[in-house]
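Read the structure below first, then the notes.
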Ligand SMILES: *Cc1c(COP(=O)(O)O)cnc(C)c1O
């Protein structure tokens, strides 16, 4: 097969993403930027926003949002307490508020990072909650960066895309990935949606600026990865992704049952591959060390995801069934 240099003549991955994930939501293939992953796009979005902006993040949340903000210089590093960082607003998400922030206490920011289902808590936002979020962004002139890396794990009746919310196209960017659907963490393939309706306050389309950044800092994801992505979006590929997601969610159930039977309060897992376990009054790192030393299992200390994660650990369901069962057996011995 002869392929001319620098041009991809295969079927259009952007069109396949638009029709698979945004079928009747009015998102077009020209609104989609194919990338080498959501994490990379989060940093490129930070380049777009620059250093002179204020951010809000769920607390706890995926560390890339805060860390890329710090790298961009959006924070006041001379303030020692991370919760006091000048330009980052931590939106506390705890069992008490159902893991959805009380927006009436959140100050106005330029950008709001929001991930649902959330990593690490595994909680998913309802339609009503996302409507509140979109309204909040409209009222404040904010842009939401909505991370939907786990949307296909949703089994409750909750939106899989922010663009299911009326009016979201004027206030939201959505970033997503093949990493957690098809084991593409090493292959590297994701996408970001910037609707043409999303405008800066001077009326200039955000997508045009992002296109300039993508074309300057990145030359597109490899043809090989894109061909893999297209295979994932064929009917056979979609079935394979659903099956593997179903398998990981069975792992989540096994992990939830194990901790619940030991008397712990357990969250997440139902719409996500992560189980969020509460150890009230204990430090996340102490619990992490105890589990590592006594059972040789690796968990993730919740405080690594923000101050609101203190006292929790995140348990991942990404594993072989035999290993998950063995891990649960050891945890039962430790905490019986
Ligand atoms: C894993 C993960 C990503 C990263 O995805 P890549 O496409 O592999 O860069 C982004 N967001 C969240 C919330 C994740 O957990």
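The values are calculated or read from the model by the stated rules, or taken from the named source; none is laboratory data. Since the structure is predicted, the reported quantities are computational estimates derived from the model, not experimental observations. Positions of Cβ are backbone-derived with ideal geometry, glycine not excepted, and every protein chain shown enters the neighbour counts.
Data for the structure
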| quantity | calculated |
| --- | --- |
| Search result, residues across the range 19-29 that are within 14 Å of residue 169 (Cα to Cα) and assigned to a helix (DSSP H, G or I) | 22 |
| Residues that are part of a loop (DSSP other than H, G, I, E, B), more than 10 Å from the ligand (Cβ to nearest atom) and touching a residue at least 24 places away in the same chain (Cβ under 8 Å), drawn from the range 30-61 | 53, 54, 60 |
| Subset of the range 155-193 [under 21 Å from residue 238 (Cβ atoms), away from the ligand (no atom under 15 Å from the Cβ) and in contact with a strand residue (DSSP E or B) (Cβ under 7 Å, 6 or more places away or on another chain)] | 163 |
| Residue identified as closer than 27 Å to residue 126 by Cα and in a loop (DSSP other than H, G, I, E, B) among 251, 271 | 271 |
| Considering residues of the range 103-122 that are in a loop (DSSP other than H, G, I, E, B) and within 16 Å of the ligand (Cβ to nearest atom) only, the residue farthest from residue 267 (Cα to Cα) | 116 |
| One residue from 258, 299, 295, 216 being closer than 26 Å to residue 96 by Cα and either touching a residue at least 24 places away in the same chain (Cβ under 8 Å) or out of contact with any strand residue (DSSP E or B) (no Cβ under 7 Å at 6 or more places or on another chain) (or both) | 258 |
| Residue, farthest from residue 274 (Cα to Cα), within the range 145-154, restricted to residues that are in contact with a strand residue (DSSP E or B) (Cβ under 9 Å, 6 or more places away or on another chain) and part of a loop (DSSP other than H, G, I, E, B) | 148 |
| Test: residue 133 is modelled with pLDDT of 95 or more, part of a helix (DSSP H, G or I) and in contact with a strand residue (DSSP E or B) (Cβ under 7 Å, 6 or more places away or on another chain) | yes |
| One residue from 139, 156 being farther than 19 Å from residue 42 by Cβ and without any contact (Cβ under 8 Å) to a residue 24 or more places away in the chain | 139 |
| Test set (1) in contact (Cβ under 8 Å) with a residue 24 or more places away in the chain; (2) surrounded by 16 or more Cβ atoms within 10 Å (Cβ to Cβ); (3) farther than 30 Å from residue 16 by Cβ - residue 281 fails condition number | (2) |
| Residue among 64, 15 that alone is at pLDDT 95 or above, within 16 Å of the ligand (Cβ to nearest atom) and more than 17 Å from residue 206 (Cβ to Cβ) | 64 |
| Residues that are within 19 Å of residue 40 (Cα to Cα) and out of contact with any strand residue (DSSP E or B) (no Cβ under 7 Å at 6 or more places or on another chain), drawn from the range 221-243 | 222, 223, 224, 225, 228, 229 |
